[in-house]
Amino acid sequence: MSFLDTVTVASQCALPNQVTPLVVLSYDRSMLVGREPEQQRIATLVAGARVRQSGVLVIAGEAGIGKTALLEDTARKADEMQVLRASGSEFEAGLGFSGLHQLLLPTLGLLDHLPAQLRDALEIALTLRSGPAPERFAVGVAALSLLSRCAEDRPLLLLIDDAHLLDPATAETLRFVARRLVADPIALLAFLRPEPDAILYATGLPTLELTGLGIDAATTLIAHEAGGASSPDSAAALHRATAGNPLAIIAGSPARACAAGTGLALSRRASESSIAGRSAKYPVSSMGPHAIAIAGLPSAWRCLATASRAIFTAT
C-alpha cells in the first residue's frame, strides 16, 4: 500500500513543543466486510489457475474502496502458489519497464531457459545488459515465455497493485501477456483506479468494478470500528456521507471521529470525487473548538470530518 493510500490520524491536543503521536489507519480485514461476492469471483479464478486454466481480472475502483484489502486477502490465500507482485508508483511512472523489473525480479534465474533472441530482448529491456532498444513485441513474448516457464514448477499468481500508475511500457507488456494467457497455470490480477489513461483499464480485459458498500455491510463495518453497535440513524448518515467507501467510513466512524481537543490530519488520496460536497450542510463554524483543526484538512475530507462529528454528537 502506498503512502497516499494511508489515512493518518494525528492528535491535536499536544502542547506546542510536544511531538504529536501518529496513528495510521491501514487496510485490514475489516475492509473486506461485504466483499464476499468479489472474494468468491477471485477465488474461482485463482482455483482455475491451479488446474491450468489461466485467468485474468482487472479490479477497478476509487481510492479507499478496498482494492488493496482484496489483493492482500488473495495473497494470504495463495497457499502453495508462487506469488509475484508489483506496484505502480507515480515516482517510477516515467521509467520504462520499471514495473516489469519489479514483477520479474524473482524469476530472472530462469532467463537461460529462453531462446537467445528473447533472452536478449528482456535483458536489455530490464537493463541487465546494454544493447539496442528491443522491439516491444519481443519483450512481450519474452515476458510471457518467462512466466510460463516459472509456472511449470508451481501455479503462478501475479498481483499488480496501483496498476494505473505503472509505466506505460510495463502496462503494455502486461496487457500483451494477459491477452495470451490460455492454458498456463497462471492467474493475473490487476488492481487500479478507473482512470481514462490507465492502459489496463477498459481495454477488453475482464473487469470487476468495486462500488461502495451497501447499508448492511457499512453498518457492520461501523460497529466493528466502534467496538459495538451504533444507532441506525448514525450508520445511515455516515453511509450517505461516504457513499459506502470503506476507508472513509473507518475514518468517519465514532471511534475515529474528532474528540475534545483532537483533530484529523487526513491524506489527500481518499475518494474526493465521491465524498466532496456530500456534507456541505454541516458548516465548519458549527464545530466550535474543532473548527481550526478541521479547517486544515483537504476540502473533501473536511466535509467528511465535519459531517461525521455532527452526526455522532447529535445522536
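Annotations
- FRET efficiency estimate (nearest 0.05) - Cβ-Cβ, Ser130 to Arg85, R0 22 angstrom: 0.20
- Positive minus negative residues near Asp79 (Lys, Arg vs Asp, Glu; Cβ under 12 Å): +3
- Cα-based shape type of the stretch 36-209, given that a ≥ b ≥ c are square roots of the gyration tensor eigenvalues and the cut on a/c is 1.5: oblate
- Computed packing ranks the peptides 64-74, 124-134, 86-96, 210-220 as 64-74, 210-220, 86-96, 124-134, most packed first, by mean other Cβ atoms within 10 Å.
- For the stretch 38-188, with +1 on Lys and Arg beta carbons and -1 on Asp and Glu, the positive-most of Ala151, Val139, Val51 along the dipole: Val51
- Separation of the Ala236 and Ala223 label points, Cα + 7 Å toward Cβ, nm: 1.7 nm
- Simple spin-label estimate for Gln53 and Arg180 gives 2.4 nm between the two label positions (7 Å along the Cα-to-Cβ direction from each Cα).
Computed from the coordinates by the stated procedures, all read-outs in this text should not be read as laboratory data. Fair warning: this is a prediction, and the values are worked out from it, not measured in the lab. Here Cβ is always computed from backbone atoms with ideal geometry, including for glycine, and neighbour counts include all displayed protein chains.
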